[in-house]
1. Each residue of the stretch 122-130 in turn: what ³J(HN,Hα) in whole Hz from Karplus with 6.51, -1.76, 1.60 and θ = phi - 60°, glycine and Pro shown as x?
2. Would you mind computing, in nm to one decimal, how far apart the modelled labels at V313 and A246 are, each placed 7 Å from Cα along Cα→Cβ?
3. Could you go through the stretch 44-54 in sequence order and give the Karplus-derived ³J(HN,Hα) for each residue, using 6.51 cos²θ - 1.76 cosθ + 1.60 with θ = phi - 60°, rounded to whole Hz, and x for Gly and Pro?
4. Explain nothing, just compute: Karplus ³J(HN,Hα) = 6.51 cos²θ - 1.76 cosθ + 1.60, θ = phi - 60°, for every residue of the stretch 177-182 in order, whole Hz, x for Gly and Pro.
Amino acid sequence: MRDSSNAPAPRRHWLSPPVILSAGLVLLGAGGSLLIRAYFVHGGQRLWLSTMIQVSGWPLLLPPLYISLLLRSRKDGGVVADRLLPPGLVGAAAVLGALFAAACFAYSLGSRVLPLSTSSLLQATQLTFNAVSGVLFAGLRFSPFSVNAVVLLTVGPAALGFAPSSEKLAGEGPAAAYWTGFFECVASAALLGLVLPLVEVAMSRYGRRSGPAASRVPSSYATVMQIQAVMGAAGTTVCLAGMAIAGDFQAIPREAAAFGLGETNYYLMLVFGAVSWQLSNLGIMGLIVCSSSLLAGIMMALVLPLSEVLAVVFLHEEFDGVKGIALVLSLWGFVSYLYGESAQKTAEPRRSGDLDSSTCCPLMP
């Protein structure tokens, strides 16, 4: 007889309130990549510090997480410890957090060389790696619209590889540096595309509590915050080790004093960058837990237009025809995915055993 603990989770509605909340958090965190690029443009050089900005905002989750767990425990008459993640899931999240930090480090390497408009489009290729990893590890099944979205969101950024030489040389160093940054961003996208589906796998494999009251970890926002906090703590540990080895702690005061925007703005950029990235990371994790890793990848691709606008307005980057084609193809892919999801949901007959979309991933545990 099939073990119910390993049964796939019921299909969750992609427009449930927690999913909308998560998508909004991803959009609010869109400025994080701008701040990373601005850090390098105005004289920043510390790779591990820029990586730390991307993973270190997790302590902001601790107060709302504690309050959420405490209120729910009092309501049900239990204890907070009963609502914590199982040890297996904590260990898996820690490993994935270290891999996520590696992806962020590769992104920092690419962002140091490439303009934001280029690096952001290259990050969209994570969707292809996401899809392949999802098929291999998470049992993802494609619809024709999903396939179309993945192809378009891959072909668009790939067009940047055929950008004219002026793009590769205009204020960004020699062509060799361009290609180095190009492949560093693709490597970051590949790691990210591996991590997102593996979060789903970890939830399925290790998301069951042991003991007499064994139950599966609920897809609540308290669960989302716990997983994100563990991954953030693991990623921060990796970054602290890297910063210590690279001598970043001794170099930060000197770098701040020589920063192009001033010492105060240097530290403000670090703080606001960490907050922006944490909003984005929490939103991505919410999309994975409350919907799917594929939707998380699609949503990350949606942030592209906003990143493009921010790069042109604040960093005065050029936006040529090749980038325009890549952007249009990426938006076309996103619209294709949304249409496919809507059409599939409309065509599916509602069954009595299906979960109502309002109960999927409740905001409280």
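All of the numbers you see were taken from the coordinates with simple rules; none came from a lab. On a predicted model such as this, the values are computed, not experimentally measured, just so you know. Please note: Cβ atoms are built from the backbone with ideal geometry, for glycine as well, and neighbour counts cover all protein chains shown.
1. For the stretch 122-130, the Karplus curve yields 5, 5, 5, 5, 4, 5, 5, 5, 4 Hz.
2. Here the answer is 3.0 nm between the modelled labels.
3. Karplus values, whole Hz, x for Gly and Pro: x, 9, 8, 5, 6, 5, 5, 6, 4, 4, 7.
4. For the stretch 177-182, the Karplus curve yields 5, 4, 5, 4, x, 4 Hz.
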